[in-house]
1. Given the pairs D:K243/D:K423; A:K58/B:K113; A:K99/C:K160; A:K258/A:K297; A:K30/A:K60, which are separated by over 29 angstrom at their Cα positions?
2. Out of the DSSP beta bridges found with both residues in the protein assembly as shown, what percent are antiparallel (nearest 5)?
3. Sum up the charges of everything whose Cβ sits under 14 Å from the Cβ of C:L150, counting Lys and Arg as +1 and Asp and Glu as -1, but leave C:L150 out.
4. Classify the protein assembly as shown: rounded, prolate or oblate, from the alpha-carbon gyration tensor (a ≥ b ≥ c, eigenvalue square roots; a/c under 1.5 rounded; otherwise prolate if a/b is larger than b/c)?
5. What total accessible surface area, summed over both chains, is buried at the interface between chains B and D, computed with a 1.4 Å probe and given in Å² to the nearest 100?
6. Got a number for carbon plus sulfur as a percent of region D:100-173's accessible area, 1.4 Å probe?
7. Around A:K240, with a cut-off of 10 angstrom between Cβ atoms, what is the net charge of the other residues, counting Lys and Arg +1 and Asp and Glu -1?
8. Can you give me the long-range amide H partners of A:G236? Hydrogens built in the peptide plane at 1.01 Å from N, cutoff under 5 Å, separation of 5 or more residues or another chain.
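The values are calculated or read from the model by the stated rules, or taken from the named source; none is laboratory data. Keep in mind it's a predicted model, so treat the numbers as computed, not measured. Methodologically, a virtual Cβ is constructed for each residue, glycine included, from the backbone with ideal geometry; neighbour enumeration extends over all protein chains shown. To get the accessible areas, we keep the full protein, side chains included, count just its heavy atoms, and leave off ligands, DNA and RNA. Shrake-Rupley method; radii C 1.70, N 1.55, O 1.52, S 1.80 Å.
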Amino acid sequence: AQTKVSVAAISGYFAQGFGVSIVNGLNKAKTDFGIDLKLVDTGNRALDYQEQFENLAKGKQYDLIFVMGWELVDSLQKVSKEYPDQRFVFIDGVLDNPKMIYANFAEEQGSFVAGALASMIEAKGSEFPKIGDGKAIGFVGGRDIPVIRNFLGGYEQGAKYAAPDVKVNSVFAGTFDDPAKGSELAQALYGQGSDIVYNVAGPTGEGVMQASAAADKYSIGVDIDMCGTAPGNVLGSMLKRGDIAVYTLIKDEVGGNKVTAGTRTFDLKSGGVEFKVCDDIAPKIPADVTAKLDDIKKGILDGKIVIAKAK
Amino acid sequence: MEILDKLINVALIAATLRTTAPILLVALGGSFTTKAGIFNIGLEGQMLAGAFFAVIGSIWTGSAFAGVACGVAAALAFALAFAVLVVTFRANEVVVGLALNILAGGMTISLMKAIFGTRGSIVGHGIVGLPKVQVPGAQALLGSWAPLISGFTPIVYVAFLAVPLLVLFYNRTRLGLYIRVVGEKPEAAEALGISITRVRYIASLLCGLLAGLAGAHLSLGYITMFTENMSSGRGFMAVAILIFSNGDPLKVLAGCLLFGFADAFSLRLQTFGFPSYLVLTVPYVVALTALFALSYRARPKIIKETLASMQKLLSADRNSAQVDKNPQ
Amino acid sequence: MTDRLRAISGQIIAVGVALLMGAIIILLVGESPVHVLMTLLRGAFGDQEKIAGTLLQTTPILICGVAACIGLRGGMFNVGIEGQLFLGGFAAAWVGFSFSLPAGIHTLAALALAVVAGAAWVAIPAYFRARYNTNEVVSTILSNYIAVLLTSYFTIFLFKRPGGWSETPPILATAYLPEIFSFSRLNWGLFIGLVLAVGAALIFRYTSWGYGVTMVGSAPKFAEYGGVNVKRQGFVVLLLSGAVGGLAGGVETLGVHHRFMEGFAPGFGFDGLIAALLANGSPVATIVTALFFGALRSGSLLLEVDTTASREIITVIQALIILSVSAQVLIKRRGDSQAGERRWKF
Amino acid sequence: MVSNAPGSPTLHSTAAMAVELTGITKRFGAFVANDGIDLAVRRGEIHAIIGENGAGKTTLMNILFGLLQPDEGSIRLNGEATVVADPAAAIKAGLGMVHQHFKLVPSLSVADNVFLGMEIRRHGLIDHAAQIARTQDLSKRFGLHVDPTERVGLLSVGIEQRIEILKVLVRGARTIILDEPTAVLTPQESRELFQTLRSFVAEGMTVIFISHHLEEVMEVSDTVTVLRNGRKVATRPTSELSKDELVRMMVGREVSFDRRPRAALGGDIVLDVKDLWARDDRRLPAVRGASFAVRSGEVVGIAGVAGNGQTELAEVLSGLRPASHGEAWLKGQDLTTLSPAAIREAGLAHVPGDRMVRGVDRNASIAANTLMGRQHRAPWSRNGMLDWKAIAGNAGALIKGFDIRAQGADDAVKRLSGGNIQKVVLAREFTNGADFLLIDQPTRGVDIGAQEAIHDEIMRQRAAGRAILLISVQLDELAALADRILVMFNGRIMGEVAGDDADEDRIGMMMAGVMPQLEPA
Ligand SMILES: Nc1ncnc2c1ncn2[C@@H]1O[C@H](COP(=O)(O)OP(=O)(O)OP(=O)(O)O)[C@@H](O)[C@H]1O
Ligand SMILES: Nc1ncnc2c1ncn2[C@@H]1O[C@H](COP(=O)(O)OP(=O)(O)OP(=O)(O)O)[C@@H](O)[C@H]1O
Ligand SMILES: [Mg+2]
Ligand SMILES: [Mg+2]
């Protein structure tokens, strides 16, 4: 039976890469299924979170409340106990509360692939355009927080797996809001011989992408397809398909298939995480690299390659 | 040695110039108000408004330079509000400055949400960034050092060219002179019929002009996007520099280069495994240390002046001593 | 008395003007000002939970406001309350999760260290201000950035809860500040704030020391002439202001969050400073202004859910209020010569 | 418009007069600062204006220069009736004024200061070279030796004055007004200034200058005008006058030295000052080797033209300014080593000269103001806690006792008149039980009735056995109150006069920097 579905989403990060993809998925669901949709921005004060949850849950008017952002966990746990009938979907992680719905992403898998590709290209040296002989690749993180460390961990493991002699230089901007700093960090990495820089830094990372164009080196985008931000300089993007996650959940709900507690994993296998090589770069990648990359993807899918998660 | 080579090189110097430019521009703007005797802690907000409206203008008109003009206009509006409250209504400079900073933060986010339906950042949407200027012959002339003079956006050149221009302005133009006089000795200005109010308004607006340029540079030059709070404390940094440079353009340049260098250098330090959060404090620690060190060092100057006046006095004293010894 | 009445009514008119401008802005972003106002009121005072929520928001603003008042009394602009709050918050949390002490004593010990941390953080700017007249506005602003980064470093690199977000381990229940009602996180921090505000007012009014400090703030040359050690009192006042700023952080971690989280309370220091300025430096009046800001913030949380307006509108209105109040306080000075005016001492 | 066509000097019969003031009256509220003053200054003369503090000299000159508008009277400049609406009009008419307080910008060069407001420009830019050259020319021509490139902040007061004069010259002044030009100068500098003034006259210019230094007036002026209490006493050629006559005209025979009846009390020495030196804010010596003692039950007066080190002396004795050398013993303690609080503890009460800045917090209540300095003492404070009831009660008593016109102890001080504010200060200081009272300008700006009350109170304090140091620029006040009068000039104590035969000629001369003929020992 088709019912009118009402959905709220709450986060402090709707404007940043992954949040954007979530919002895209929600909006798509809204157009496709005509759901009611409410987006609530939490701001950045921890004191406010709990009350915002309560304001949403109190009216019992939302079938599903999507929650994104680890700093909300505490408030979420409390409010979900207060409103046991309210269904919350926690995006991007799994908590120890069995009554909740989780949409979990294996960003370390996609990052592993990104690291593998980057290190293999770097290892080619001057055989590949714009690559020097620095034998190093870079990483620019936003704040130095666990989820970003998880990206970095996958990236480092992938790089080491594919080309052990390529070094990974990682830096953090300390903020998601300072693209100028992101640009500067990337240029510093390029200057020190890292020819490929992976950004996991929200708007700060935009600076990284723009810096790759300025320095005419390579960057790797994150969360959404960033190939267009610096054509010719973006190797690919590690897509974290928040849009797919929310869209499928809502689709189930609308189809009368009520979403129930439990963990949905979005990984390479399910297509929730994906490494997309940019179209303009793909033809330039040597066959051996492509082949090995495919092997690696297969290894991850088979479970032959085990990737450690950052704590 | 190898580490040093990796740390200190042409790229670092070029990076220093890039990180310096926005702070330099906004600090040079603040130089006008500092010289005119106004403590302008609202630079941060003017810069942020400039950055936001530059992006809006760029999207709206499709031209980067029209965008810059929009950004400057917005910063001027903030500067005008500052001047009205501080100069005409004599409101407390710190209160007004801080409130305008808060206003700029809230306003940009509200407008972003109203216009783009989202907050956070504006990327794409047809923002046209400023072109990079390739100085002809730079490569031939300087070889690997070419990145030091070539490949920056126009506003970077404006920032550095503004330094000698401001030196000239303060030393050789009437308005520059009046700004200094109004800040240093308003009684003198008043006695000569120079309008203190008018000069302070002009100084505030000139400040807004450069702060707006600085903001536009952040969002259209340095990178091509707007992010909430993207001024990231650069305005406050500029205020610190202004305090110990007393607004002198050359000292402002020196201070900005110091912080630009501290910033660029600290970013590079991270790659050597120093904890990111500690490395990120470096520019602020440098600023604070400089502030304290210079206020401590102000003492020898007093001592020097005392010695000079003592010498003068000794001659004067001898004269009066003679008078005393020979009463008529 | 009529002076005070005139000042207060001027203040109210200024707030009215700012609200009017706010209404126009709300119209411009396509909402109904009436609807926004009603939602704000409902969000702030709609039921007992909302009222408690408003008081919860008021608490840190009030304590930070008292911190600012203490500085202002002695003629010191402590813009670094933000940083003191972060360090105080971390220090309290550290005591809370590192030691096990009997209930009550644990809380007191944690608050005590918060106080010490806040005071210590402002000590260097205070020293340079007192000794060399180094502008405290800039030095405390810069130290805010360092404080926030430093506590992030402590949290993430030294004391991170394994498996947790960017936060320390939870503090032991023995260190909690007790909650007042079962239905709200509102805790004894509110009483601490009220006691501080009233206490500060009483100290300034009814002690010899408070009298001296007040005179240092309002007529330093007179105070110096009367034998008050102006430099020392300036230093002490900034230190106390920092101590209360640190306490604000301790109250937040012990009363609400029960852990320290990276970047947990941005902007409270500035809110407090502005509440204090709006209250003209009076700690008791700061209770009112803090409540006003607390209600705005708390109401804005519902605003986000029930209207299409952004909470940032509230920030804008807040700024407009400050601007119009700052202009009207000094409106009568228009037309005087500006020549004799004190310049900022650098 | 002032038009004085060259080549038609006899256009008016009075054209020989550079300045003619007729019936100038200026009131500040009920107070009459200038009362129907006529003044005529011949072209090409040096015209001195003398008079006591507050006689109205500066007011008259401010009217002439357009800084004030007269309530009555008219002005003729070079024979033309002129309304001097503002300084710009005065400058246009060929007047120039060197103010008592200089208005120079320290960080600018001499030449920049001279040309400030009328910069020489080429292609829109200030032409420093031309300004320096013209400054150089002018300073050579009139013997005003300055280095035009030097920064003003580094120069001495004497040179600053030359710059002020250059500013006036550059603006084309033919008549130059100098308000107490020598007050800040060393004798050497004064002599150089007179040289310059004479060279002006030699070029056909006119000089009006105000001075308290009679020696100088005798030496340099052609004509003297004496003002007293806002009225003109006389205008006479200097050559017809002696110093004695000048002093007599200035102080006025008819001013009664209303001396208070008293019994000699002179007890133990309370304050003993030995070779005390101190610097002013510019760090120039302001007090130079003062030595004197004050006994209990004695009023020692310090006379002198304002700015001769009295303020600095008072500040040293109250701990607000460090002494650079010497000692000041108050009941066994050297004040120069103590903090202001400790000095108060040791037994000082201080009525400061700048009462608005030092003496009160204008925004605070009378009660709060009467508390200062005793906020740690019972019964107002116990264990650090203030007893506002006691404080307000005391303030109420003081309001009654000192006849302070206020609504009550809660009244903000800023709402009181100047005289009543002074009474608040006196009330506070006279009732704090100190043995030594340091009183600086107790009746400045205070009306006659209040003056009387204040004088009575000072005498009561004397009778109570207090040691009193009374600093005043008003000679009659000192003569009325002091047992002994010390005269300060240029930081030194020039001599001592017994209060009961205060010889105003002698004091006046010492105040003007002339040493008294020492009686053979
Ligand atoms: N009395 C005054 N008070 C305040 N500002 C003044 C005053 N006089 C001039 N200015 C300012 O100084 C600047 C130069 O003014 P001025 O009138 O000399 O220009 P100008 O002679 O037209 O310049 P130019 O010779 O370059 O064409 C202007 O910005 C003016 O506003
Ligand atoms: N703006 C004013 N408002 C009120 N009273 C004033 C004002 N200016 C001057 N007076 C009073 O007018 C009287 C004459 O002042 P004026 O400055 O002319 O004296 P003076 O002869 O120059 O004294 P001195 O030798 O101390 O400089 C003084 O009593 C002074 O207090
Ligand atoms: Mg005088
Ligand atoms: Mg005078």
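1. D:K243/D:K423; A:K258/A:K297
2. Counting DSSP beta bridges with both partners in the protein assembly as shown, the antiparallel share is about 45 percent.
3. Values: positive: none; negative: A:D144, C:E82, C:E262.
Once all neighbours under 14 Å are counted, the net charge is -3.
4. Taking the square roots of the gyration eigenvalues as a ≥ b ≥ c, the protein assembly as shown is prolate.
5. Answer for the B-D pair: about 2900 Å² buried.
6. 52 percent
7. Numbers: positive: A:R241; negative: A:D92, A:E107, A:D223, A:D243, A:E274.
Result for the neighbourhood of A:K240: -4.
8. A:G221, A:C278
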